[in-house]
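Below is one structure, written out as structure tokens, with a few remarks after it.
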Amino acid sequence: MGKKIACLITDLFEDVEYLEPSRAFSEAGHEVMTIEKEKGKTVKGKQGKAEVKIDESIDNVKPEDFDALFIPGGFSPDQLREDERFVKFAKYFMDEKKPVFAICHGPQLLLTAKTLEGRGATGYKSIRVDMEYAGAKYQDKEVVVCCNQLVTSREPKDIPAFNRESLKVLEK
């Protein structure tokens, strides 16, 4: 049975960090729903290789209607964490121990939600100190799986491991 995955995304996301995991989730039979401030808006990747039409507005969704959360990197998570609606949405998944998949700068949203303390995680090298200050047990590895719930990776080259481990968590 396919899972329903919420993807929090806005302009300047890292193109491949959305495209490749999203494709892997879909090919495995899961549904990825993109969520931003405005339904129907087209957001653009920072490399200019991807455009994504937003499926739903943050105001029209409830986190409890989803099985998992996916946060691609780039500048998108930093922009989204300025808006408390996205922070609360992400916090729900961590508090409820639902699967969360965050790559590169994706953990920034989880940092603002104050949900990484004591958790094993990784992320892009420029946010390592932020993650450590937040109490995360930072690991410089291609993928870190914490409590069979949180999957994090550092950068685009880690996508194969990120996809593999995210799909394993979705199987449970």
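For the reader, a short list of remarks on this structure follows.
- Accessible surface of segment 16-94, 1.4 Å probe, proportion on carbon and sulfur as whole %: 40
- Magnitude of the charge dipole for the chain, about its Cα centre and with charges confined to Cβ atoms of Lys, Arg (+1) and Asp, Glu (-1), is about 280 debye.
- Segment 7-57: C-alpha gyration tensor shape, a/c 1.5 cut-off, then a/b vs b/c: oblate
- Average Cα contact separation per residue, the chain, under 8 Å, 6 or more apart, as relative contact order %: 20
- Summary value for segment 1-66: 37 percent relative contact order, contacts being C-alpha pairs under 8 angstrom separated by 6+ residues.
- Surface analysis of segment 31-107 yields an accessible area of 47 Å² per residue, using protein heavy atoms and a 1.4 Å probe.
- Helical mean residue ellipticity (222 nm; -39500 (n - 2.57) per DSSP H run of 4+; nearest 500) of the chain: -9000 deg cm²/dmol
- The overall shape of segment 1-89 is oblate: from the C-alpha gyration tensor, with semi-axes ordered a ≥ b ≥ c, the ratio a/c is 1.5 or greater and a/b is no larger than b/c.
- Approximate spin-label separation GLU51-GLU132, in nm, with each point projected 7 Å along Cα-to-Cβ: 4.2
- Prolate/oblate/rounded label for the chain (Cα gyration tensor, a/c 1.5): rounded
- Accessible surface area normalised per residue over segment 110-152 is 51 Å², counting heavy atoms of protein chains with a 1.4 Å rolling probe.
The values are calculated or read from the model by the stated rules, or taken from the named source; none is laboratory data. Everything quoted here is computed from the prediction, not taken from an experiment. Virtual Cβ from ideal backbone geometry, glycine too; neighbours counted across all protein chains shown. For the accessible areas, the whole protein counts, side chains as well, though only heavy atoms, and no ligand, DNA or RNA atoms are used. Shrake-Rupley method; radii C 1.70, N 1.55, O 1.52, S 1.80 Å.
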